[in-house]
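Beneath this line is the structure, given in structure tokens, with notes to follow.
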Amino acid sequence: MVGTYAIFWREMVILRRRLIRVMASYAISPLLFLIAFGWGMGRSLQVEGMDYLTFMIPGLIALSSMSQTFSIAMDINISRFYWMTFEEFQTAPISSSSIVLGEVLSGMVRGMLASFIIFILAAAFGIRLNVNWALLLSVIFNTFMFASAAVITSMIVKSHADQASFNGFFIVPMSFLCGTFFPLSRFPEWAYLIAQVFPLTHASSCIRAAALGMDIPLISFLVMIIYSILFFLGAITCVKKASL
Amino acid sequence: MTPIVKPLIKTEALTKTYGSIIAVDNLDLEITEGEIFGFLGPNGAGKTTTCRILTTLTKPSSGHAFVSGFNVVEEPVKAKSGIGVVPQYLNVDGELSAYENLKLHGMLHGMEWGKMKMHIEKMLEFVQLSDRASSLVKTFSEGMKKRLMVARALLHEPKVLFLDEPTVGLDPQTRRNIWGIIRRINQERATIFLTTHYIEEAEVLCHRVGIIDYGRLIALDIPEQLLKRTGRFVVEMLDDDRSKARFFKNREDAGRFVASLDRDAIIRKSNLEDVFIKLTGRKVID
């Protein structure tokens, strides 16, 4: 696991150096959503028996932690094809699984940081969320799952442009169609069933339930665990294939 | 009784193809401890592909490659544990300082902290970058980055150092500086696998030179023998506005040939470029 620690250490050195900038960038889009949907639509709007802002903020946690975690894909892609620094990991006597774990952990830190910022923003908008183990575990699995998926895509795509296309085709639609901004019960049945395939659907329902002090849906939690295992194993295979 | 010297690097019928293109063609190679082995050939000859296979970055299509006795495909982690790599492009981490780049490398190679700290300072001094240890590498010149890459590759005291075109794109002074570093590394017992398309680099540095063209190894020997086989002296003359060369074993024979000519010609000592021309009919850099 020396390789894991080394890779994680590198990411943390860079993150520490850019911390203020990173935190500001993580705050901008959630803040705009809160202003647009919170103030803009008003708190009078009721969704599933609660005001819209209270409904939306857990969705924002799921969305923001996913997108910031997934942003490691672009960084790995750039380090593979532009700076070529990824080769420093590939030529070191470390296993593919330790490379994956190092990258996944650093992605998870980004996602956790993004979630923490939304907690602060929610408090600023007068929304108090429940902080509990179920919430923490849901965010941990959400970030683990998408960090592993990010490693897979960064190993499969062959250029920065392909990486951007992947984000456009998968990450952006997921952001809006997985119960983050509105309840899936408003979907027609076929669309509801399709939404169940996306991992973010399960992450947002677990995070929302936990943040609002309700029991988390166990099936969704189980689906997150299964996706986490599959994506992590997939990431190891892809890193192995990318080198020897 | 002569001790049996095991090769540190060995390839057996090593082949790499990309579709219909054969990048490395049935390469058999043995490199022993303490050697500076030079792989000389034009761009696209298969030097870098071979280097990438040996450093586990590219999978061979067929054949075998061994580093320190370990098959690079079957036991890549073990094969990598004794190697240092300096690729031809600059791949130091611009977001980290020189010191942090070396620290990351030491951590990736599982170095113990006290030893690592000592080696980092020693290597920074070795490549004359001690005064820039805490500067971010993105502020470095190309020559400084290359020197840092050499320091990084040596930090964990590898048995084999792979240098892929180590001086490409560098000014003559930095190039000589790097050559000096390579010689010193070798004197401290590291075996060096070097690829180059610079004739002088191969002649000045290498104990043995392999000449590769279109993926095939077309000659392999000590530079002196390669030159001897080609002819130690060259007569260059113009023939129908084209430069032509003829090779001779000694200056006397070359002189007699020039005297018999009805046009101007020059006599000079042959070099590895001439060996390449004689073998392929082309220059190394066409």
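The values are calculated or read from the model by the stated rules, or taken from the named source; none is laboratory data. This structure is a prediction, so every number in the text was calculated from the model and none was measured. Reconstructed Cβ throughout: ideal geometry from the backbone, glycine too, with neighbour counts over all protein chains shown. Ligands, DNA and RNA are stripped out before the accessible areas are found, and what is left, the full protein with its side chains, is counted by its heavy atoms. Shrake-Rupley method; radii C 1.70, N 1.55, O 1.52, S 1.80 Å.
Considering every residue within the stretch A:85-102, establish whether at least one is part of a helix (DSSP H, G or I) and open to solvent by 60 Å² or more (accessible area, probe 1.4 Å).
Among the residues of the stretch A:85-102, not one is part of a helix (DSSP H, G or I) and open to solvent by 60 Å² or more (accessible area, probe 1.4 Å), which makes the answer no.
Among the residues of the stretch B:84-94, write down those that are within 21 Å of the chain's Cα centre (by Cα) and crowded, with 16+ Cβ neighbours inside 10 Å.
Passing the criteria: B:Gly84, B:Val85, B:Val86, B:Pro87, B:Gln88, B:Leu90, B:Asn91, B:Val92.
Mind checking which pairs have a first residue in the stretch B:125-138 that is on the phi > 0 side of the Ramachandran plot and assigned by TED's automatic domain parsing to the domain that holds B:Ile181 and a second that is assigned to a helix (DSSP H, G or I) and surrounded by 17 or more Cβ atoms within 10 Å (Cβ to Cβ), Cβ under 8 Å, 6 or more apart or different chains?
B:Gln128/B:Arg147
Can you tell me how many residues in the stretch A:27-63 are open to solvent by 40 Å² or more (accessible area, probe 1.4 Å) and either in contact (Cβ under 8 Å) with a residue 12 or more places away in the chain or among the small types (Gly, Ala, Ser) (or both)?
Selection size over the stretch A:27-63: 9.
If B:Lys122 satisfies every condition in (1) at pLDDT 95 or above; (2) surrounded by fewer than 22 Cβ atoms within 10 Å (Cβ to Cβ) but one, which is the exception?
Evaluating B:Lys122 over (1) at pLDDT 95 or above; (2) surrounded by fewer than 22 Cβ atoms within 10 Å (Cβ to Cβ) leaves (1) as the failure.
Going through the stretch B:125-140 one residue at a time, which ones are within 23 Å of A:Glu11 (Cα to Cα) and surrounded by 15 or more Cβ atoms within 10 Å (Cβ to Cβ)?
Correct list: B:Arg132, B:Ala133, B:Leu136, B:Val137, B:Phe140.
Among the candidates B:Val24, B:Val72, which residue alone is touching a helix residue (DSSP H, G or I) at 6+ places or on another chain (Cβ under 8 Å) and either away from every other protein chain (no Cβ under 14 Å) or within 25 Å of B:Ile222 (Cβ to Cβ) (or both)?
B:Val24
Considering the stretch A:209-236 alone, what residues qualify as being more than 14 Å from chain B (Cβ to nearest Cβ), part of a helix (DSSP H, G or I) and in contact (Cβ under 8 Å) with a residue 40 or more places away in the chain?
A:Ala209, A:Ala210, A:Ala211, A:Phe221, A:Met224, A:Ile225, A:Tyr227, A:Ser228, A:Phe231, A:Phe232, A:Gly234, A:Ala235
Would you say B:Ala13 is out of contact with any Phe, Trp or Tyr (no Cβ under 7 Å at 6 or more places or on another chain) and aliphatic (A, V, I, L, M)?
Numbers: out of contact with any Phe, Trp or Tyr (no Cβ under 7 Å at 6 or more places or on another chain): yes; aliphatic (A, V, I, L, M): yes.
Taking the combined requirement at face value, the residue satisfies it.
Please find, within the stretch A:124-152, the residue that is most open to solvent (accessible area, probe 1.4 Å) out of those that are of a type in the set (A, V, I, L, M, F, W, C) and under 15 Å from A:Met56 (Cβ atoms). Spell out how you get there, then give the answer.
First, pick out the residues of the stretch A:124-152 that are of a type in the set (A, V, I, L, M, F, W, C): A:124-125, A:127, A:129, A:131, A:133-137, A:139-141, A:144-147, A:149-152.
From the residues that got through so far, the ones that are under 15 Å from A:Met56 (Cβ atoms) too are A:124-125, A:127, A:129.
Numbers: A:Ala124: 82, A:Phe125: 30, A:Ile127: 9, A:Leu129: 27 Å².
Looking at residues that are of a type in the set (A, V, I, L, M, F, W, C) and under 15 Å from A:Met56 (Cβ atoms), I get A:Ala124.
Do we have B:Lys159 as within 14 Å of chain A (Cβ to nearest Cβ) and at pLDDT below 95 here?
Numbers: within 14 Å of chain A (Cβ to nearest Cβ): yes; at pLDDT below 95: yes.
Yes, satisfied.
Can you find a residue in the stretch B:176-196 that is modelled with pLDDT under 90, over 30 Å from B:His109 (Cα atoms) and open to solvent by 20 Å² or more (accessible area, probe 1.4 Å)?
Checking the stretch B:176-196: not a single residue is modelled with pLDDT under 90, over 30 Å from B:His109 (Cα atoms) and open to solvent by 20 Å² or more (accessible area, probe 1.4 Å).
Have a look at B:Ser81, B:Ser62 and point out the one that is within 11 Å of chain A (Cβ to nearest Cβ), surrounded by fewer than 20 Cβ atoms within 10 Å (Cβ to Cβ) and either of a type in the set (A, V, I, L, M, F, W, C) or over 18 Å from the mean Cα position of the chain (by Cα) (or both).
B:Ser81
For B:Glu33, only one of the following conditions fails: (1) free of Cβ contacts under 8 Å to residues at least 24 places away in the same chain; (2) surrounded by fewer than 20 Cβ atoms within 10 Å (Cβ to Cβ). What is its number?
Every listed condition holds for B:Glu33 apart from (1).
Given the criteria small (Gly, Ala, Ser) and open to solvent by 50 Å² or more (accessible area, probe 1.4 Å), does B:Ala259 qualify?
Yes: the conditions hold for B:Ala259.
Each row is one residue, and each column tells you yes or no for (1) touching an Asp or Glu at 6+ places or on another chain (Cβ under 7 Å); (2) open to solvent by 10 Å² or more (accessible area, probe 1.4 Å).
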site	(1), (2)
B:Glu201	no, no
B:Val204	no, yes
B:Gly210	no, no
B:Arg216	yes, yes
B:Leu226	no, no
B:Asp239	no, yes
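Considering only the stretch A:12-26, state which residues are within 10 Å of another protein chain (Cβ to nearest Cβ) and open to solvent by 30 Å² or more (accessible area, probe 1.4 Å).
Scanning the stretch A:12-26 gives A:Arg17, A:Arg18.
Hey, does the stretch A:64-82 have a residue that's touching a Leu at 6+ places or on another chain (Cβ under 9 Å), surrounded by fewer than 18 Cβ atoms within 10 Å (Cβ to Cβ) and of a type in the set (Val, Ile, Thr)?
no
Any residue in the stretch B:48-58 that is part of a loop (DSSP other than H, G, I, E, B), more than 7 Å from chain A (Cβ to nearest Cβ) and open to solvent by 60 Å² or more (accessible area, probe 1.4 Å)?
Taking every residue of the stretch B:48-58 in turn, none turns out to be part of a loop (DSSP other than H, G, I, E, B), more than 7 Å from chain A (Cβ to nearest Cβ) and open to solvent by 60 Å² or more (accessible area, probe 1.4 Å).
With respect to B:Leu104, is the statement that it is among the aliphatic types (A, V, I, L, M) and either open to solvent by less than 50 Å² (accessible area, probe 1.4 Å) or touching a residue at least 60 places away in the same chain (Cβ under 8 Å) (or both) true?
Criteria met by B:Leu104.
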